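The values are calculated or read from the model by the stated rules, or taken from the named source; none is laboratory data. On a predicted model such as this, the values are computed, not experimentally measured, just so you know. Cβ coordinates were reconstructed from backbone atoms using ideal geometry, including for glycine residues, and neighbour counts include every protein chain displayed. These accessible areas exclude ligands, DNA and RNA; they are computed on the full protein's heavy atoms, side chains included. Shrake-Rupley method; radii C 1.70, N 1.55, O 1.52, S 1.80 Å.
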Amino acid sequence: MTIVVKVGGALGNRLDPVVSDLVSRTDYVLVHGGSESVDRLAEALGHPSEYLTSPSGVVSRHNDPAQLATVVMALAGTVQTEAVAAFARRGVRAVGLSGVDGRLVLAERKHGVRAVLGERVVHVRDDWSGTITRVDGELLRGIAGLGCVPVIGPPAITAQGEIVNVDADRIAAEVAVALGADALVLLTNVPGLLRDVSDPASLVRRVDRSEIDAVLPFAEGRMRKKVLAAQRALAGGVGRVVIASSQVDGPVSHALAGEGTVFS
Ligand code: ADP
């Protein structure tokens, strides 16, 4: 069984329990986000992060050149290196790869992003974000074949060799499709998709692929990306997708046992 596990990077996510839970398994890859680390570094560098909301309600980072440089430093630098070290402490050889390494995640630059500004929809041109066109599954299988665990995160690279930021949930979905994964586990700082974001008891437990459009209106902001990633993964042949908490002990095992929102 191949599983792709993605751990979020927003405040409240915990990496250590995820790594502890994974090291007893074989045949998995880890994808990481790191939004909180990017925001903290951006603040410290005097260029705070900005977020854009698309007309359909998806919230994304504004990747201007300074922000993109911060993404590279925080994600491909600190967060990824720390994740690889967390495996090393448990005796597991992990290899950190951004989407740029080995051209693992190929993307097309989005030319201008549409964003809602007050009452208006504006075209933001100064943005280096991309849409994933291909993930190199062979490269990941090669690394796994050497007995190493791939640890993957943003950014990605275009065919012209430009660095572009892409969403880590999207990377996880495309990695899962490229590997023909049995399961994609998206671990985050909430128990799963909630009907009411302020009520942890309002967890949506099961979603059939035909019902995804019906539950999408519950998902605001960045949760929307996870539901869209789940939809993409299922459409690409992944067996099931679970959105679940990274805040419990044994988060991967709990998610695979069905604790969270299971899309199938
Ligand atoms: P991560 O970094 O863990 O990937 P994100 O911040 O990108 O996390 O997405 C998780 C967040 O999505 C939650 O903390 C919550 O604030 C927000 N959210 C919006 N709508 C919902 C919903 N319906 N159910 C759960 N979370 C939601």
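Computed quantities for the displayed model
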quantity: Residues of region 198-235 that turn out to be more than 9 Å from the ligand (Cβ to nearest atom), aliphatic (A, V, I, L, M) and either under 16 Å from Gly260 (Cβ atoms) or in contact (Cβ under 8 Å) with a residue 40 or more places away in the chain (or both), as a count; calculated: 8
quantity: First in region 186-197 and among the basic types (Lys, Arg), second anywhere and within 6 Å of the ligand (Cβ to nearest atom), Cβ under 7 Å, 6 or more apart; calculated: Arg195/Phe218
quantity: Count of region 96-120 residues which are modelled with pLDDT of 95 or more and farther than 20 Å from Asn165 by Cα; calculated: 0
quantity: Test set (1) open to solvent by 40 Å² or more (accessible area, probe 1.4 Å); (2) at pLDDT below 95 - Trp128 fails condition number; calculated: (2)
quantity: Boolean, Gly77 is open to solvent by less than 50 Å² (accessible area, probe 1.4 Å), more than 16 Å from the ligand (Cβ to nearest atom), of a type outside the set (D, E, K, R) and under 15 Å from the mean Cα position of the chain (by Cα); calculated: no
quantity: Sole exception among (1) over 18 Å from His254 (Cα atoms); (2) near the ligand (Cβ under 8 Å from one of its atoms) for Arg170, by number; calculated: (2)
quantity: All positions within region 1-24 that are within 15 Å of the ligand (Cβ to nearest atom) and assigned to a loop (DSSP other than H, G, I, E, B); calculated: Gly8, Gly9, Ala10, Leu11, Gly12, Asn13, Arg14, Leu15
